[in-house]
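The values are calculated or read from the model by the stated rules, or taken from the named source; none is laboratory data. As the structure is a computational prediction, the values presented were derived from the model and not from experiment. Backbone-built Cβ (ideal geometry, glycine too); neighbour counts: all protein chains shown. Heads up: the accessible areas ignore ligands, DNA and RNA and are worked out on the full protein's heavy atoms, side chains in. Shrake-Rupley method; radii C 1.70, N 1.55, O 1.52, S 1.80 Å.
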Amino acid sequence: MVDGALDWMGVAHLLGVDGAVGELVALGKESPALAPDELVLFSYSATRATAAERSAIARLEVATIAEEKVKGDPAGSASRALTVLDADHNDYLVHFDVDAIDFNSVPLA
């Protein structure tokens, strides 16, 4: 079984990590749907990740951009993410976790 928060469990299945449910890993046209070099964990916080998440991220060498760097330089951090992902591609999937924003700044009514 894949350990972690709901968004990590989704990523784990997209990457096909050990413990992922085979039927979910095989849902897309390709299996797994993502290679580790096709992913950047943007605004990543190791302190909020579980030990299993941190282990998989390190083992797969998934690129991360720390939450502190995003807070300090959002535009620069976004440029770095595009560089890591290979800017020659035109298609990107962005998962926006609303936990990363301040409700007072962007109320989601």
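If I ignore ligands, DNA and RNA and count only protein heavy atoms, how much of residue 84 is accessible to a 1.4 Å probe, in Å² to the nearest 10?
Rounded to the nearest 10, the figure is 50 Å².
Just grab the label-to-label distance for residue 46 and residue 104, each label 7 Å out from Cα along the Cβ direction, in nm (one decimal).
So the label points at residue 46 and residue 104 sit 3.0 nm apart.
Spelling out what I want: for every residue of region 53-62, take phi, set θ = phi - 60°, compute 6.51 cos²θ - 1.76 cosθ + 1.60 (Karplus), and round to whole Hz; glycine and proline get x.
Karplus values, whole Hz, x for Gly and Pro: 4, 4, 5, 5, 4, 5, 4, 7, 6, 6.
Quick one: how many Å² of residue 55 are accessible to a 1.4 Å probe, rounded to 10?
60 Å²
I'd like the distance between the alpha-carbon centres of region 60-77 and region 27-57, rounded to an integer number of Å.
So the two Cα centres are separated by 14 Å.
In what sequence, largest accessible area first, do 73, 37 appear using a 1.4 Å probe?
On the way: 73 80, 37 115 Å².
If we order 73, 37 from most to least accessible, we get 37, 73.
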